[in-house]
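Engineer: Dropping the structure in here first, questions after.
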Amino acid sequence: MLGSPLRCCYGCLRTTEGKHELKKLIIEGGRPLAGTIRTAGAKNAVLPMMAAGLLSHGTLKLRGAPRLVDVRFMTRVLRDLGAQAEQAQNGDMEINASGDIKGEASWDLVRRMRGSLCVMGPMLARLGRARVSMPGGCVFGVRPIDVHLKGFEALGAKIRLESGYIVAETPAGGLRGASMYLGSAFGSSVLGTANVMMAASLAKGTTVIQGAACEPEIVALADTMNAMGARVTGHGSPIIEIEGVDELGDAEIDVIPDRIEAGTYILLGAMTGGAVRVTGCRPDHLLVLLNMMKSAGLSFEVGPDWVETKPCDPKDVRPLSTDISTNVYPGFPTDLQAQWMALMTLGDGISIITERIYHDRWTHIPELQRLGADIRRQTTASVVRGVEGLSGAPVTASDLRASAALVMAGLVAEGTTEVHRMYHLDRGYEAMEERLEALGAGVLRDEEDD
């Protein structure tokens, strides 16, 4: 292991292409929402699933992949490495890495999105060598990648840092299965678990990962690998076992629904007092959110693959202020913290929101304050005193989930809200403004002012 910790962010598209940076969302608040919105495929699941295509000399088909900026960018990464990758208009993705694969992921690509780091495990497993640029930073804090490297070293890889690149090489005979613990001070690493799982899939012998992430996205990756011919068991628990195989083949599998997108739209429906049915979701992936919504006195119904919020006048029926603390799955997701805070700005009372995953993930606070929210940060927690109403104002999005929280607040604020830097939202929400318009929201995407 390298002497000092290597850190980077959870995932951030630091630069964008075309005119994404020049867009803003104009929102006329106060309109009642009603209708149905279907959950798209999970962004945080599909990126490692796409990377798993590098493990096989066959074809991997991913049905229902979301059409997002991050997915398009990961497609570019795979192509740059030598794979064929195409996404159809309906979202279905096809990846074929039967040809020669490069052993280097360049700085120009990896710096833009931390999620592209998940190609390292497959490259190391297939080629015996991987040279990947250190990922870029993010506005809400650092995230260690030591977990990834610790896992690779346990499998026998030698790691060094070279001119801003992480270089991993296997010994003669390739990677070998091992027992390891991948927990850290930040909790279980989802991307670290995914990377080591993929590296171990072609190692000789059996690998046991203790302290593994239990998120549904890890289960989805394991199911994908098993469909390709891998032997992964225990996924969904803190102990995962991978029996190495000689090769992986063709597979076709559905991308799981995005629990964060579904949770965002459920909270949006509740916050606006709308009768909004979110379909195509997995309520079992949302149990902690639904439980917190009950505690907040919010009315909703749950079906086998849908959740529907009940109509009410948010001016008359305010949510009860309810404390939450983020944690690894099945705890409250850090990716819904900003959206919950937006809901609590209108709560009846005082709520305390504690961030245990990313202690600096509070960039949405000053922007919500611009809309009239009463929020005070205290180190790893924030105190939200509910107000009776918000008022529209120009705000600036700083990251993906903060963007969603500002859109939610804008939809209930009196007057007009402009959310600038909309390219963040495009990373994780497919055509959000079109879907909100279908619910009756007054939203318009426009060019940024010069």
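The values are calculated or read from the model by the stated rules, or taken from the named source; none is laboratory data. Given the structure is predicted, the values throughout are model-derived calculations rather than measurements. A quick note on method: Cβ atoms are made from the backbone with ideal geometry, for glycine too, and the neighbour counts reach across all protein chains shown.
Engineer: Would you be able to say whether some residue in the range 300-311 is closer than 25 Å to P216 by Cα and crowded, with 20+ Cβ neighbours inside 10 Å?
Structural biologist: Yes, there is a match, as at least one residue in the range 300-311 is closer than 25 Å to P216 by Cα and crowded, with 20+ Cβ neighbours inside 10 Å.
Engineer: If we keep just the residues of the range 183-204 that are at pLDDT 95 or above and part of a loop (DSSP other than H, G, I, E, B), which is farthest from L248 (Cα to Cα)?
Structural biologist: If we take residues in the range 183-204 being at pLDDT 95 or above and part of a loop (DSSP other than H, G, I, E, B), then A203 is farthest from L248 (Cα to Cα).
Engineer: Can you tell me how many residues within the range 219-274 are in the same structural domain as E308 (by TED's automatic domain parsing) and of a type in the set (S, T, Y)?
Structural biologist: Looking only at that region, the number is 3.
Engineer: The conditions are (1) farther than 24 Å from H424 by Cβ; (2) within 19 Å of the chain's Cα centre (by Cα); (3) of a type outside the set (G, A, S), and N90 fails exactly one of them. Which is it?
Structural biologist: That leaves (2) as the condition not met.
Engineer: Output the residues belonging to the range 152-201 that are closer than 17 Å to L127 by Cβ and among the β-branched types (V, I, T).
Structural biologist: Of the range 152-201, the ones closer than 17 Å to L127 by Cβ are 152, 155-160, 162, 165-176, 195-196, 198-201.
Selection gives I159, I166, V167, T170, V196.
Engineer: Do we have D399 as modelled with pLDDT under 95, surrounded by fewer than 19 Cβ atoms within 10 Å (Cβ to Cβ) and of a type in the set (D, E) here? Working first, answer last.
Structural biologist: Values: modelled with pLDDT under 95: yes; surrounded by fewer than 19 Cβ atoms within 10 Å (Cβ to Cβ): no; of a type in the set (D, E): yes.
Taking the combined requirement at face value, the residue does not satisfy it.
Engineer: Next question. Looking at the range 351-396 only, could you name the residues that are surrounded by 17 or more Cβ atoms within 10 Å (Cβ to Cβ), among the basic types (K, R) and within 26 Å of P330 (Cα to Cα)?
Structural biologist: Those that are surrounded by 17 or more Cβ atoms within 10 Å (Cβ to Cβ), among the basic types (K, R) and within 26 Å of P330 (Cα to Cα): R356, R361.
Engineer: Something else: For a quick check of your reading of the model, give me the residue pairs whose first member lies in the range 26-37 and is touching a residue at least 24 places away in the same chain (Cβ under 8 Å), whose second is among the basic types (K, R), with beta-carbon atoms closer than 8 Å and at least 6 apart or on different chains.
Structural biologist: I26/R445; G35/R277; T36/R277; I37/R277; I37/R435
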